[in-house]
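These notes concern the structure reproduced below.
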Amino acid sequence: MPLVFQNNSGEDAYLACLWADSSCGPTDQWRKMGWYKITSGSSFQFTAADLSQTVGVMAWFADWWAGGPSWHGTGNNWYWVTNNAFNQCYDDNTNCDVQYDFLPLNFNGNYGLTVTLDAPSSDTPYTVTPINRPQPPPHSDHSDIWGSDCGDCDCDCGDCDCDCDC
């Protein structure tokens, strides 16, 4: 679950994102999409992709309701969207009637990230925590299921090198 938004804000949140998409044209290869409802206390997996294998950045904006308290940028990433559901290339402003100031999110080479949303008015309205790459399970001989691996010997205490219960 490499890019997850966790909503701990106490209210439902609505998320919009700007994500790299090479199918969106020769110049601005970005897709804008939203609104993803994240109920209070739940999480939303935006993508399962290994973030270290992507462009490395995205932008996002979230609010409690259209025009309400929000998680927003500092004035540098204004994008045209609509307050209705949308999924379109960055250059396509069809039905886009409002601009929101999105927050940049740099993946910093991480496998995954969790963005935790706290109340927009709090001192720290959101935090970003890396998700570590999953490790393969330790080797198991499955002796708990199949018994010990003694080959063809019958384990008559000393007939093989197995750990037999004699």
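The values are calculated or read from the model by the stated rules, or taken from the named source; none is laboratory data. This one's a predicted model, so the numbers in the text were calculated from it and none came from an experiment. Heads up, the Cβs are rebuilt from the backbone with ideal geometry, glycines too, and the neighbour counts pull from every protein chain shown.
Which count do you get for residues in segment 34-84 that are in a strand (DSSP E or B), charged (D, E, K, R) and either crowded, with 17+ Cβ neighbours inside 10 Å or modelled with pLDDT under 95 (or both)?
Selection size over segment 34-84: 1.
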Test for D28: is it surrounded by fewer than 16 Cβ atoms within 10 Å (Cβ to Cβ), in contact with a strand residue (DSSP E or B) (Cβ under 8 Å, 6 or more places away or on another chain) and among the acidic types (D, E): yes
Top-ranked residue of segment 86-144 - restricted to ones that are among the charged types (D, E, K, R) and closer than 17 Å to N8 by Cβ, ranked as modelled with the highest pLDDT: D118
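With the condition kept exactly as written, say whether any residue in segment 19-30 is small (G, A, S) and either in a strand (DSSP E or B) or closer than 20 Å to N7 by Cβ (or both). Can you show your working first?
In the first step, residues of segment 19-30 are kept if they are small (G, A, S); the result is 20, 22-23, 25.
Subset that is either in a strand (DSSP E or B) or closer than 20 Å to N7 by Cβ (or both): 20.
There is at least one residue in segment 19-30 that is small (G, A, S) and either in a strand (DSSP E or B) or closer than 20 Å to N7 by Cβ (or both).
Sort out which residues of segment 91-120 are of a type in the set (F, W, Y), within 20 Å of D63 (Cα to Cα) and assigned to a loop (DSSP other than H, G, I, E, B), and write them in order of number.
F102
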Residues of segment 85-135 that turn out to be polar (S, T, N, Q), crowded, with 16+ Cβ neighbours inside 10 Å and more than 18 Å from G34 (Cβ to Cβ), as a count: 3
Qualifying residue in segment 3-17 (condition: of a type in the set (A, V, I, L, M, F, W, C), touching a residue at least 40 places away in the same chain (Cβ under 8 Å) and touching a Cys at 6+ places or on another chain (Cβ under 8 Å)): no
